[in-house]
Every structure is written in structure tokens, then in C-alpha cells.
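These notes are about the structure you will find just below.
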Amino acid sequence: MVSYVSLLLYGVGGIVVAGMAILVAFQEKLVYVPVLPGLTKAYPITPARLRLLYEDVWLRSSDGVRLHAWFIKLFPDCKDIAHRLEMVRIMLQRLQCNVFMLSYRGYGASDGYPSQHGITKDAQAALDHLVQRTDIDTSRIVVFGRSLGGAVGTVLTKNNPDKVAGLILENTFTSILDMAGVLLPFLKWVIGGSGSKGFKLLNFVVRSPWNTIDVIGEIRQPILFLSGLQDEMVPPFHMQMLYAKAAARNRQCLFVEFPSGMHMDTWLAGGDHYWRTIQKYLEETVPEKKDDESKKDSKLSSKQKVSSDFVAS
């Protein structure tokens, strides 16, 4: 009997040690995916090739890392586009807004290596760039984030209540601590976010926890939650938990479900309903000023370039 107990204890200990080793050695590779398998880091397609009016924007994060972004401008004749930029094309047409797309450090043409601390600085540099522009209405900046971009956008919105008018979250997780158990089920016993039960032994080794659930309740700007119920990567209940936490303190929250939406195609599966939902949110949150018809909406899209499909927005 004693030998069986010893074997069990050794087995549990082995799992804990293996989990810690995986987290310490490979956690950045699990959280950040600058290049999808089989693809190169170079952008496979650019707005110019697809006849979009845009600017290449080069920024410096506060710690000196050189970042690249696209500022895609609203214009009358939007041609066909492919991959992620197809969503941008429709966004331009349906929402009548400009779109700013940032490549986090380590993604696309940006220098450096991704980390939570660094990417938080990158997003702030992008926002600071936007508020200094003279060709947009800086009082109407809305942050849009999907998946990891939602975690980044939540922190950015919370830190800039006077610069960000609203936040749109799509298929975002409560925290990387909670996602650890989704990606590697055996880790749920030793890693978990603030909503999980019991002491989690390995939380301290997670370098990029992205605790969105602990930040969302501090946001006072209007928040739109877009949830694809067929999300194969982030369990939909994560979005429900984020909404519940935010709505408990913020009455300007709206939660909308899309029954056939998956992690990256909710905008496509949602069709007209998806775009009408966002359009209505923008009309209520950042209404166009009647005395300045020439200025268009500016949307800060807290997401990576088209070459980073897995973790974009």
C-alpha cells in the first residue's frame, strides 16, 4: 500500500515539475505567435498591393523598441482584399472609419521580442501617436481587440480614460492563467486566474498572465462584447465572465452573441448583424459631430499585422 502511495506522490510531483519546466521554457511560444508555421515573418500582402490608402508608421516604444504600424485611411473606393485585410475593407465601408493596425514587438516588421510589459508599452506608443495626429478627430478613438488584442486593449483603455472613448472586445480570454488549463488541461490543477478555486502552485512562474478579468472592472468607458459561441480556442464562458465583471460596475456594457462564430471568423459568420451591432455602438459612443462633417472616425485596432493571424486582435 505504501509503495502505491509513493508512486502516486512521485507521479503528481513529476507532473508539477514537468508543468513548471514547460512554462519556464516555452510559455512565450504558447502565448505569442509572431509567425505561423509554414509562413515567413515578412508581410505576405500590403495595403498598397490591394489599393488601400495607407501610411507606413514607424514608432518608438518608451523603452526604445522600434515598432511598425499601418494607418489605413477611409476613402471612397475600397477594392477587394485578402486574409485579415478583408475585414479592414468591410470595416472601412460599413463603419466609415480609419483603422490603425499595430505590429507588437517581435511581430511583422517591428523589432524586439514580445512580453506583456513590452507589448503594453507598444500599445501606449500607438495611442500616443494617434492623439498627436491632426488629420483625425482624437476625441473619437475606439480600441478594438480580439483574443490577445483584447487583453492588450483592455489595459490600454483602462490606462487612458481621457484618450480612449470606447472599447470593443471580441473572443477575449479572462487571463492567460485560465487559458493554461485550456491549452494544457493537466495544468488547471496548478495554474489558474483569480476566479479559480484553491491555491495555484505555479502561478508565480507565468511571466505574461494578462489578467483581463482583474482589469475589466476598472474601465468606465462603454464596452461592446462580441462573442462567437463556436470559438474553438477561447471558451465562450470567458467572454461571459468578462462581461459580468465589467457590467457589475459599468452600466455602459453590451454583450452580443453570434451562434456560429468561431475564434477568428465571428465577423464573417455574424454577417450583417455583426456590422450593424458595431455601427450602432459607434453611433452611440462616438457620434459624428454635426459641425465638423469632414472629420471621420478614428479606430485604434489593438492587433497585430496580417502576418500574425493566430493572435491578432
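The values are calculated or read from the model by the stated rules, or taken from the named source; none is laboratory data. In this text, all values refer to a predicted model and were calculated from it rather than measured experimentally. Positions of Cβ are generated from backbone atoms using ideal geometry, with glycine treated the same way; all protein chains shown enter the neighbour counts. With ligands, DNA and RNA removed, areas are computed over all heavy atoms of the protein, side chains included. Shrake-Rupley method; radii C 1.70, N 1.55, O 1.52, S 1.80 Å.
Quick notes on this structure:
- Within the range 121-175, being in contact with a strand residue (DSSP E or B) (Cβ under 6 Å, 6 or more places away or on another chain) and of a type in the set (Asp, Glu) holds for Asp122, Glu170.
- Just one of the listed residues (His263, His273) is within 19 Å of Phe144 (Cα to Cα) and open to solvent by 70 Å² or more (accessible area, probe 1.4 Å), namely His273.
- Residues that are of a type in the set (Asp, Glu), open to solvent by 10 Å² or more (accessible area, probe 1.4 Å) and farther than 20 Å from Gln221 by Cα do occur in the range 173-187.
- Where Pro236 falls short, out of the listed (1) touching a strand residue (DSSP E or B) at 6+ places or on another chain (Cβ under 8 Å); (2) at pLDDT below 95; (3) open to solvent by 20 Å² or more (accessible area, probe 1.4 Å): (2)
- Residue within the range 93-100 that is in contact (Cβ under 8 Å) with a residue 60 or more places away in the chain, outside any strand (DSSP E or B), open to solvent by less than 40 Å² (accessible area, probe 1.4 Å) and not charged (D, E, K, R) present: yes
- Among the residues of the range 256-285, those that are over 19 Å from Pro222 (Cα atoms) and either more than 17 Å from the chain's Cα centre (by Cα) or of a type in the set (Ser, Thr, Tyr) (or both) comprise Phe258, Pro259, Ser260, Thr266, Leu268, Ala269, Gly270, Gly271, Asp272, His273.
- Taking the conditions (1) over 19 Å from the mean Cα position of the chain (by Cα); (2) under 30 Å from Glu232 (Cβ atoms) in turn, Ala109 satisfies each one other than (1).
- Residue that is nearest to Lys73 (Cα to Cα) [pool: residues in the range 129-162 that are of a type in the set (D, E, K, R) and under 18 Å from the mean Cα position of the chain (by Cα)]: Arg146
- Enumeration of residues in the range 116-136 that are open to solvent by less than 10 Å² (accessible area, probe 1.4 Å) and either in a loop (DSSP other than H, G, I, E, B) or without any contact (Cβ under 8 Å) to a residue 12 or more places away in the chain (or both): Ile136
- Here Phe258 fits the description: over 15 Å from Phe144 (Cβ atoms) and surrounded by 17 or more Cβ atoms within 10 Å (Cβ to Cβ).
- Among the conditions (1) more than 21 Å from Val65 (Cα to Cα); (2) surrounded by 22 or more Cβ atoms within 10 Å (Cβ to Cβ), Gly153 misses just one, which is (1).
- Against the list (1) open to solvent by 30 Å² or more (accessible area, probe 1.4 Å); (2) out of contact with any Pro (no Cβ under 8 Å at 6 or more places or on another chain), the condition Ile278 fails is (1).
- Test for Arg251: is it at pLDDT 95 or above and either assigned to a helix (DSSP H, G or I) or surrounded by fewer than 17 Cβ atoms within 10 Å (Cβ to Cβ) (or both): yes
- Residue check for Pro209: at pLDDT 95 or above, in contact with a helix residue (DSSP H, G or I) (Cβ under 7 Å, 6 or more places away or on another chain) and surrounded by 15 or more Cβ atoms within 10 Å (Cβ to Cβ): no
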